[in-house]
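Asks: Please see the structure below; I have some questions.
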């Protein structure tokens, strides 16, 4: 019994903090963020604005001024869509009195996201990280593919909620799984690296959507991308040893740790047995309320989560409102996030968590406020400055929040802040650039 070691002691003494086997498992679970980006931001292309034209020559002109009339001021038979199958907007005439339905569908996505984050998060804790990840991905994929077959708006509406429900558990399960195979020294820096896959997914969406102009084809592809990840990773992805140990399966945890140890060229022999750590039951969020400092931190971080989510998804879902091509703007949006994550990784220890977050949020504020003062390519440029700041902020707030609260209430406080972020997501579709 005296030879037993905790998981962190084994990482320090025998396995290493981030050997090549650990990094391979980290990368494999992080790849889930690629389909997550497709499934979360599907509506950027499926609900985009579409060009229209006059049904007859001069049929759309004002008789007095000769100027082109607004489609809402004309009878429906006087105009037609250039490509009625390229968007839900054109297929179901979601304009004028029905324009609100586009934002409504985006908002119901985040209602589903809110529900999924809670329910699927519990499933990942009770049934395993991989089970939670795959169930979440399958549900989100099903929502996207069923939505692609919808015969009308309201069927699509509820399928969008299902897609959001699955996405609510996908990102959290992937993040937890990929960081739990790492030593504590590398967990913060590499945890930020998971977002490179998310940003890469956003950038990759643009050329894929360009080659699939029909919204049903693109939505189907988004669903298939999630199912492909499940099928291709299932033979190679290992369950979290920390989850095994927390659920009393020390032998399974030891088996995974042994696999990880083989990635360390200095490892020889066998690992000592794992020490079964005592599980302390966490308290709910009301436990912090009697303490002024913790209470103030909770309110402040919940507000930051809400605003950050609202701004990030507001910029993401309204990229079609910027001048220029929606495909190019989406591609640039994804690329801009890469240096943001690099900045966070470099300065998270040099400047500290709080100062790095303040710099990034300040940059986001300057970009977003400035975008209302410009038009054309200048507006695109300053909007991307805002995107740079808010992407890094979103990455930082999870890391910062986990370090602000004691272990016994950490999960409850992070869950409350995540709930606030979902509220921000519900509001986000109403933001107009």
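The values are calculated or read from the model by the stated rules, or taken from the named source; none is laboratory data. Remember, it's a predicted structure, so these values are computed and weren't measured experimentally. Note that we place each Cβ from the backbone using ideal geometry, even for glycine, and neighbour counts take in every protein chain shown.
Asks: Give the number of residues within region 28-58 that are without any contact (Cβ under 8 Å) to a residue 40 or more places away in the chain and either under 26 Å from residue 133 (Cα atoms) or exposed (fewer than 14 other Cβ atoms within 10 Å of the Cβ) (or both). So that I can check it myself, show each step before the final result.
Replies: To start, the set of residues in region 28-58 that are without any contact (Cβ under 8 Å) to a residue 40 or more places away in the chain comprises 51-58.
Subsequent filtering for residues that are either under 26 Å from residue 133 (Cα atoms) or exposed (fewer than 14 other Cβ atoms within 10 Å of the Cβ) (or both) retains 51, 53, 56-58.
Summing the residues that are without any contact (Cβ under 8 Å) to a residue 40 or more places away in the chain and either under 26 Å from residue 133 (Cα atoms) or exposed (fewer than 14 other Cβ atoms within 10 Å of the Cβ) (or both) in region 28-58 gives 5.
Asks: Ok, one more. Every residue in region 181-199 that is buried (at least 21 other Cβ atoms within 10 Å of the Cβ) and over 18 Å from the mean Cα position of the chain (by Cα), please.
Replies: 181, 182
Asks: Every residue in region 299-346 that is free of Cβ contacts under 8 Å to residues at least 24 places away in the same chain and either in contact with a helix residue (DSSP H, G or I) (Cβ under 7 Å, 6 or more places away or on another chain) or assigned by TED's automatic domain parsing to the domain that holds residue 195 (or both), please. Reasoning before the result, please.
Replies: Going residue by residue through region 299-346, those that are free of Cβ contacts under 8 Å to residues at least 24 places away in the same chain are 299-300, 325, 342, 346.
Residues satisfying the conditions do not exist here.
Asks: Would you say residue 244 is touching a residue at least 24 places away in the same chain (Cβ under 8 Å), in a helix (DSSP H, G or I) and under 30 Å from the mean Cα position of the chain (by Cα)?
Replies: Considered against the rule, which asks whether it is touching a residue at least 24 places away in the same chain (Cβ under 8 Å), in a helix (DSSP H, G or I) and under 30 Å from the mean Cα position of the chain (by Cα), residue 244 comes out as no.
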